[in-house]
Ligand SMILES: Cc1cc2nc3c(=O)[nH]c(=O)nc-3n(C[C@H](O)[C@H](O)[C@H](O)COP(=O)(O)OP(=O)(O)OC[C@H]3O[C@@H](n4cnc5c(N)ncnc54)[C@H](O)[C@@H]3O)c2cc1C
């Protein structure tokens, strides 16, 4: 799909605050390419959710309207991963950028998906800790999880998947599911 109808623009504008949905040409073009040579199909619009409930509403509405969606982190992928291939709506996660909790004693942090890797390391560094996966780019944690990003420290410390314990996931039809838990060991030892 190339352009939203006035009715679709009206509906999407009601799902988020007025400054967080755009059909402007520059915003659409900014979400058309990562650092690869791959070129996609210009999205009809870009939306910036700030809460899981908003992501859920957006996906539910797009599913009902058969509008393709493409999540967007920092757009640093090297293989065209966030480039829309069917136009539609880009769901830009960069405003879900809160570090919700850091629990140094547990070596754990709760973050929203738009938190940047370097910001997480800046904040955890105050506790003498760091998030080891380092793909070079200042990527979002959500984009790194989607890619299972690795990098120069992976041989020693592992890749992103090794640091994910628990996820909140919005499925294509808008359902929210929760996976995993924060206990490294979830069963008592049998003797
Ligand atoms: C210089 C450089 C070196 C690199 N070296 C390595 C390397 O050695 N090893 C390696 O593994 N990678 C490497 N990368 C790639 C790196 O993995 C990606 O740049 C990074 O993971 C992408 O994160 P992003 O936030 O920019 O996501 P984007 O590029 O915006 O998106 C990446 C993918 O994740 C999806 N996505 C983004 N956010 C979400 C979300 N919240 N929910 C669901 N899906 C989402 C997008 O749709 C897309 O498919 C390198 C990149 C650069 C620029």
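When a/c reaches 1.5 or more, the comparison of a/b and b/c decides; with that in mind, is the stretch 6-92 rounded, prolate or oblate per its Cα gyration tensor?
Prolate, since a/c reaches 1.5 and a/b exceeds b/c.
Can you give the calculated 222 nm mean residue ellipticity of the chain, where each DSSP H run of n ≥ 4 adds -39,500 (n - 2.57) and the sum is split over every residue, rounded to the nearest 500 deg cm²/dmol?
Helix-only estimate at 222 nm: -7000 deg cm²/dmol.
Under a 10 Å cutoff between Cα atoms, tell me which one of 115, 164, 50 has the largest fluctuation in the Gaussian network model of the chain.
Highest fluctuation among the options: 164.
With a 10 Å Cβ neighbour count serving as the proxy for reagent exposure, in which order, fewest first, do 48, 72, 61 appear?
Taking fewest neighbouring Cβ atoms as first place, the list is 61, 48, 72.
With a ≥ b ≥ c taken as the square roots of the eigenvalues of the C-alpha gyration tensor of the stretch 118-160, please select rounded if a/c is under 1.5 and otherwise prolate if a/b is larger than b/c or oblate if it is not?
Taking the square roots of the gyration eigenvalues as a ≥ b ≥ c, the stretch 118-160 is oblate.
Need one number: % antiparallel among DSSP beta bridges in the chain, to the nearest 5.
Among the beta bridges of the chain, antiparallel pairing accounts for roughly 65 percent.
What is the helix-to-structure angle for 52-65, meaning the angle in degrees between its Cα long axis and the longest Cα principal axis of the chain, kept from 0 to 90 and rounded to the nearest 10?
40 degrees
Sorted by average packing, counted as other Cβ atoms within 10 angstrom per residue and highest first, what order do 62-69, 138-145 take?
Highest to lowest by the protection proxy: 138-145, 62-69.
Take each of the peptides 120-130, 36-46, average the number of other beta-carbon atoms within 10 Å over its residues, and list them starting from the highest.
So the peptides 120-130, 36-46, ranked by packing, come out 36-46, 120-130.
Decide, for the chain, between rounded, prolate and oblate: order the square roots of the alpha carbon gyration tensor eigenvalues as a ≥ b ≥ c, take rounded if a/c falls under 1.5, and otherwise choose prolate if a/b is larger than b/c, else oblate.
Working: a/c = 2.18, a/b = 1.65, b/c = 1.32.
Verdict is prolate for the chain.
Percent of Cα-Cα pairs per 10 Å bin, from 0 to the last occupied bin, for the stretch 99-180, please list those.
17, 51, 26, 5, 0
Using Cα pairs under 8 angstrom and six or more residues apart, how large is the relative contact order of the stretch 99-180, in percent?
Relative contact order for the stretch 99-180 comes out at 20 percent.
Quick one: 177, 99, 152, 47, fewest Cβ neighbours within 10 Å first, how do they rank?
Going from sparsest to densest Cβ surroundings: 177, 152, 99, 47.
Between 168, 94, 76, where does the largest GNM mean-square fluctuation fall for the chain, given springs only between Cα atoms within less than 10 Å?
Maximum among the listed residues: 168.
Using the count of nearby Cβ atoms within 10 Å as a rough guide to exposure, how do 30, 171 rank from fewest to most?
Final ranking by Cβ density, sparse to dense: 171, 30.
Using only Cα atoms, tell me the angle between helix 6-15 and the longest principal axis of the chain; keep it within 0 to 90° and round to the nearest 10.
30 degrees
Working out 0.36 nm times the residue gap between residue 64 and residue 118, then minus their Cα-Cα distance, what length gain in nm do you get to one decimal?
15.7 nm
How far apart, in nm, are two points set 7 Å out from the Cα along the Cα-to-Cβ line at residue 14 and at residue 183?
With each label placed 7 Å out from Cα toward Cβ, I get 4.4 nm.
Each value in this text was obtained by applying a stated rule to the coordinates, not by laboratory testing. What you are looking at is a predicted structure, and each value in this text was computed from that prediction instead of being measured. Heads up, the Cβs are rebuilt from the backbone with ideal geometry, glycines too, and the neighbour counts pull from every protein chain shown.
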